[in-house]
Amino acid sequence: MPATPLPGSLGRILLAEDDESVRNIALRVLERAGYDVVVATNGAEGLDALRQASPPIPLILSDILMPEMDGIELAIRAQTEFPHIRIVLMTGFSEISKDRERSKGLCEAILGKPFIPTELLETLRQAATRPD
């Protein structure tokens, strides 16, 4: 049986998701994989969390469609304030092609929902380890 990573051993991540069930599933997967997760229910909360974080949060996993501030706006503002931040956006499968065009150049990947845990973790691993 593989060893369980220590909490936070894969680094910090901001999870911004307004749907409670999706947020809880993603949170559980991320924590079990060893991420230290900061949770936000919309982009505005996420941006506030990024601004208050010490040390800085290097990776964002955000839904695209959220109230108050969507994931695209969060990505734009986060990249402006934190130029080295990595971003993975999530959206429903039916919205992928439209959201891919809207998010061009803003993120490392777009993950379709629903996702399976291995797909989520591999997408984040690739985003976190891509060369600058």
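List of remarks:
- Spin-label model distance (nm) - GLN52 vs ARG130, 7 Å beyond Cα toward Cβ: 2.9 nm
- Spin-label pair GLU122-ARG12: with each label point 7 Å from Cα along the Cα-Cβ axis, the two points sit 3.0 nm from one another.
Quick note: the coordinates plus some simple rules give every number you see, no bench work behind them. This is a predicted model, so every value here is computed, not measured. As a convention, Cβ positions derive from the backbone with ideal geometry for all residues, glycine included, and neighbour counts pool all protein chains shown.
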